[in-house]
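Trainee: This structure is in structure tokens; I'll ask about it shortly.
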Amino acid sequence: MIRTHILDCHAPRSEADALNRESGRVYTDTLVWHYRIYRRTDHWLSQGAAEKLNDSLSPTTLHAHSRDAAQQAFYKACKTAKATRAEGGKYPHKRKFYRTTIWKATGIRLTDGRLLLARARGREPIAVVIPSDLATLPKMAFVEMRLVYDQIAMRHRWHLVVDDGMEVPLRTEGQTLAADLGEIHPAAVANEQGDVVIFTARDLRALNQYRNKRLASLQTRQSRLTKRSRRWKKMQRRKAYLLARNNRQRRDIEHKVTRAITNHAKAEGAKRLVVGDIRDIGNGKRLNTNAQQKVSGWSHGRQIAFLVYKLAAEGIVLERQSEAYSSKTCPVCGRHNTPKGRNYRCARCGFVGHRDAVGAVNQESQAVHGAFGHVQVGSVKYRRAFMRRSSPDTGHVAREVHPADGSREAAGL
């Protein structure tokens, strides 16, 4: 299984900054020459040609494959922009003065409990001491190393991607659980008997509201300043700090919530967890300002991504299904009602229940029996994923482990 281990970086700040500054320069050179050749010839420069051109123009202090990673990042961004063009995706056009430096497996050596990260020929490698439990792994287990700057702690950290080669077999026996994801309550999970557990984390919604309110205030103050002035740059740094701190707090809560859901699925003996497909929940819909802000701040994609690997580590598979009318259909008589508030009331049969519980039970019925109405709402319990603290800052774990993904952000379990 592939996981990312986050370690403290003890290298001098000047050395770490120089590495990321060089990665930013390589990325920027690739971007600049790509657009220059496009303007002159009206043809796109291929990725292979761009790498050869950039290699011949200027030497670098990075390992050859670290330089390739910085160059390839530009074309990966172009590929993503092309795929999301219809949704407003834009091609990369901004220069980067700093960028995360990446070492591929070919630039990593293991010796005496340390990882040696290669640099350009003639330069000494960077030595990184790793924990004893990782030092026993073979060299082939170390897939990638990244030097990431933490804007909250204002220091660099190592992101070590490790593949331990262990695969957990999927369960073939057990029941099916269904989860109704929500913006107020992260998830309501129902089993085949109709019992529902609602996982609460209102702190997550409070952090979203605080971020929006504080960001609006800072942007209003910044709009009165001269662009790129000293005070304007100071306000820009405050915005970056606010967003980075808020993102880390929300990510920490999301990890705790998804861990609680995974533990519940394991205790229930589940072989699969079915969730509603809400990837297009806000696309093409006319929502008011408040509703649109809530939907845009709802990080359901990241929560599902956390659930996928946490459940896979327990042998449980996560599946998606359509959630159309699951929160509006009465589980008793099948009538469609528009719920108001957190309670669901049926105008035909008089059924009254929790709105999220109704959605979870209907999804359970659809997942197991193929239609609504076969599973009724049983007991409904609330469960806190974590204990609240007096301070909204959830802190930072010195050493964290989470699965490797596209962003490989620091996140605690």
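Values in this text are rule-based calculations from the coordinates and carry no lab data. Note that the structure is predicted; figures quoted are calculated from it, not measured. Backbone-built Cβ (ideal geometry, glycine too); neighbour counts: all protein chains shown.
Trainee: List the number of the failed condition for Gly194; all other conditions in (1) under 30 Å from Ala260 (Cα atoms); (2) small (Gly, Ala, Ser); (3) under 24 Å from the mean Cα position of the chain (by Cα) hold.
Mentor: So the condition that Gly194 fails would be (3).
Trainee: What's the number of the condition Lys234 fails, among (1) over 21 Å from the mean Cα position of the chain (by Cα); (2) part of a helix (DSSP H, G or I); (3) surrounded by 14 or more Cβ atoms within 10 Å (Cβ to Cβ)?
Mentor: (3)
Trainee: Name the residue that is farthest from the chain's Cα centre (by Cα), counting only residues in the range 325-352 that are small (Gly, Ala, Ser) and within 18 Å of Val380 (Cα to Cα). Please lay out each step first, then the result.
Mentor: Step one: filter the range 325-352 for residues small (Gly, Ala, Ser), giving 326-327, 334, 341, 347, 350.
Checking which are within 18 Å of Val380 (Cα to Cα) leaves us with 326-327, 341.
Values: Ser326: 26, Ser327: 27, Gly341: 30 Å.
The residue in question is Gly341.
Trainee: Identify, please: which residue in the range 9-59 is touching a strand residue (DSSP E or B) at 6+ places or on another chain (Cβ under 9 Å) and outside any helix (DSSP H, G or I) and is, among those, surrounded by the most Cβ atoms within 10 Å (Cβ to Cβ)?
Mentor: Cys9
Trainee: How many of the residues making up the range 369-389 are closer than 13 Å to Gly194 by Cβ and either touching an Asp or Glu at 6+ places or on another chain (Cβ under 6 Å) or not in a helix (DSSP H, G or I) (or both)?
Mentor: Qualifying residue count for the region: 10.
Trainee: Could you identify the single residue in Ala206, Ala201 that is within 27 Å of the chain's Cα centre (by Cα), in contact (Cβ under 8 Å) with a residue 40 or more places away in the chain and surrounded by 15 or more Cβ atoms within 10 Å (Cβ to Cβ)?
Mentor: One residue alone meets the criteria, Ala201.
Trainee: Of Thr84, Thr101, which residue is under 21 Å from the mean Cα position of the chain (by Cα) and touching a residue at least 60 places away in the same chain (Cβ under 8 Å)? Steps first, answer last, please.
Mentor: Values: Thr84 fails: touching a residue at least 60 places away in the same chain (Cβ under 8 Å).
When all the criteria are applied, what remains is Thr101.
The rows are residues; the columns are (1) surrounded by fewer than 15 Cβ atoms within 10 Å (Cβ to Cβ); (2) closer than 28 Å to Gln249 by Cβ; (3) in contact (Cβ under 8 Å) with a residue 60 or more places away in the chain.
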| position | (1), (2), (3) |
| --- | --- |
| Tyr149 | no, yes, yes |
| Met154 | yes, yes, no |
| Trp158 | no, yes, yes |
| Val161 | no, yes, yes |
| Met166 | yes, no, yes |
| Arg171 | no, no, yes |
| Ala178 | no, no, yes |
| Pro186 | no, yes, yes |
| Val189 | no, yes, yes |
